[in-house]
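Below you'll find the structure, written out as structure tokens, and then a few comments.
The values are calculated or read from the model by the stated rules, or taken from the named source; none is laboratory data. Just so it is clear, the structure is predicted and the values come from calculations on it, not from any experiment. Positions of Cβ are backbone-derived with ideal geometry, glycine not excepted, and every protein chain shown enters the neighbour counts. Just so you know, the surface numbers come from the protein's heavy atoms only, side chains and all, with ligands and any DNA or RNA stripped out. Shrake-Rupley method; radii C 1.70, N 1.55, O 1.52, S 1.80 Å.
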Amino acid sequence: MGRSRRLNALVAAGSIAAALMAPGTAPAQTYPNHPVRLVVGFAPGGNTDLIARIVADKVQATLGQRVIVDNRGGANGAIAADTVAKAAPDGYTLFFTTVGAVAINPAFRKDLTYDPVKDFAPVALIGRAAPVLAADPSLGLKSARDLVVLAKQKPNAISIGITGIGAISHLGLELFESTADVKFVHVPFRGSGPALADILGGHVNGILIDVSVMLEHIKAGKVKALGTTAAERSDLVPDIPTLVEQGYPGAVAENWTALFAPAKTPPEIITKLNAAFTSTVNDPDMRRKFAENAITPSPTSPEELGQLLKGEIVKWDKVIREKGITIKPEE
């Protein structure tokens, strides 16, 4: 081979190597070639962690790599969000989050180290779950309207338990009050366990809490379900009407779970991830497992999740500012 031909061959080989290393080509084509980390903003054992592990276990077969759940609890998901925001945008570190860390935290925490819109690339919505409004059966209520009437008859006397200040149950109750032009006595608890104990013990008149926590007790007649804060009636609890259909259109508060990647993750990788997680969530076995936890599978495109996120940020910021809601740093 002559010198010029050898030179041309070396140049060609170099060009091919450069092309293979170019962003959006080789990385996307070979992705994933090692384990993927799914960062969850809550401690092991909770509902979000449970769903993340169910999804991670199933999606591994589609991706062809292990998906490892990494729990980074604290600050309503802010610690996990910061971890993912600062990670390399290569598709190997993903954020499995609820609405709180990305759509509610910005209104409460001005010291956030991440911007939910600028620092993340939406991948897919995973599922939705809405709290259920339930009452002590001894009150004899049959609907949300009955509760509103009672609260107006007895101002500052009807107590409603919520699972913490700033929780989706709290914000949902605020929306219900605004729409119904009524005021309840809010009784915040640190989590669903203490709240559940008090409604079953007759210490509060009502409660707004995850359906999954209350379903067993609703079926047993220990509490009376009055409505959910979902946008539409769920197939999982078809007998429970929404507050919307009872005449309170503004009372929509859903706790959704979704998947995000660091910003600037190649579009080809986002597309692969969306396809993998969407097929996983739509799997019949997965839908059954979601139903067992009162979660409605709701896979979307990355674009649809991006629009949902922006809308929810505006919505909850408005509610929190208008109501003057604040939280302590440790909350």
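I'd like to verify a number: residues in the stretch 184-206 that are open to solvent by 50 Å² or more (accessible area, probe 1.4 Å), closer than 17 Å to L141 by Cα and part of a loop (DSSP other than H, G, I, E, B), how many?
1
Condition test on P266, is it open to solvent by 40 Å² or more (accessible area, probe 1.4 Å) and either out of contact with any His (no Cβ under 6 Å at 6 or more places or on another chain) or of a type in the set (D, E) (or both)?
When the stated conditions are applied, P266 does not pass them.
Do we have any residue at all in the stretch 121-132 that's without any contact (Cβ under 8 Å) to a residue 12 or more places away in the chain and open to solvent by 20 Å² or more (accessible area, probe 1.4 Å)?
no
Test each condition in (1) out of contact with any strand residue (DSSP E or B) (no Cβ under 9 Å at 6 or more places or on another chain); (2) closer than 22 Å to L175 by Cβ; (3) at pLDDT 95 or above for I325 and report the one that comes out false.
Every condition holds for I325 apart from (3).
Do we have T300 as under 20 Å from L63 (Cα atoms), touching a residue at least 40 places away in the same chain (Cβ under 8 Å) and touching a Leu at 6+ places or on another chain (Cβ under 7 Å) here?
Yes.
Can you find a residue in the stretch 118-136 that is part of a loop (DSSP other than H, G, I, E, B) and farther than 24 Å from S298 by Cα?
Yes, because at least one residue in the stretch 118-136 is part of a loop (DSSP other than H, G, I, E, B) and farther than 24 Å from S298 by Cα.
Being over 16 Å from G64 (Cα atoms) and out of contact with any strand residue (DSSP E or B) (no Cβ under 8 Å at 6 or more places or on another chain) is the filter here; which residues of the stretch 267-287 pass it?
P267, E268, D283, P284, D285
Scan the stretch 134-150 and give yes if some residue there is closer than 30 Å to T278 by Cβ and either open to solvent by 10 Å² or more (accessible area, probe 1.4 Å) or more than 19 Å from the chain's Cα centre (by Cα) (or both), otherwise no.
Within the stretch 134-150, none of the residues are closer than 30 Å to T278 by Cβ and either open to solvent by 10 Å² or more (accessible area, probe 1.4 Å) or more than 19 Å from the chain's Cα centre (by Cα) (or both).
Given the stretch 23-101, what strands (runs of 3 or more DSSP E) lie entirely inside it while holding 3 or more residues that are at pLDDT 95 or above and surrounded by fewer than 20 Cβ atoms within 10 Å (Cβ to Cβ)?
Hits in the stretch 23-101: 67-71.
Which of the numbered conditions does F260 fail, given that it passes all the others? Conditions: (1) open to solvent by 10 Å² or more (accessible area, probe 1.4 Å); (2) within 30 Å of A88 (Cβ to Cβ); (3) not in a loop (DSSP other than H, G, I, E, B).
Status for F260: all satisfied but (1).
Given the structure, is D239 without any contact (Cβ under 8 Å) to a residue 24 or more places away in the chain, outside any helix (DSSP H, G or I) and over 17 Å from the mean Cα position of the chain (by Cα)?
Criteria met by D239.
Out of T278, T300, report the one residue that is crowded, with 18+ Cβ neighbours inside 10 Å, hydroxyl-bearing (S, T, Y), part of a loop (DSSP other than H, G, I, E, B) and modelled with pLDDT of 95 or more.
Only one candidate qualifies: T300.
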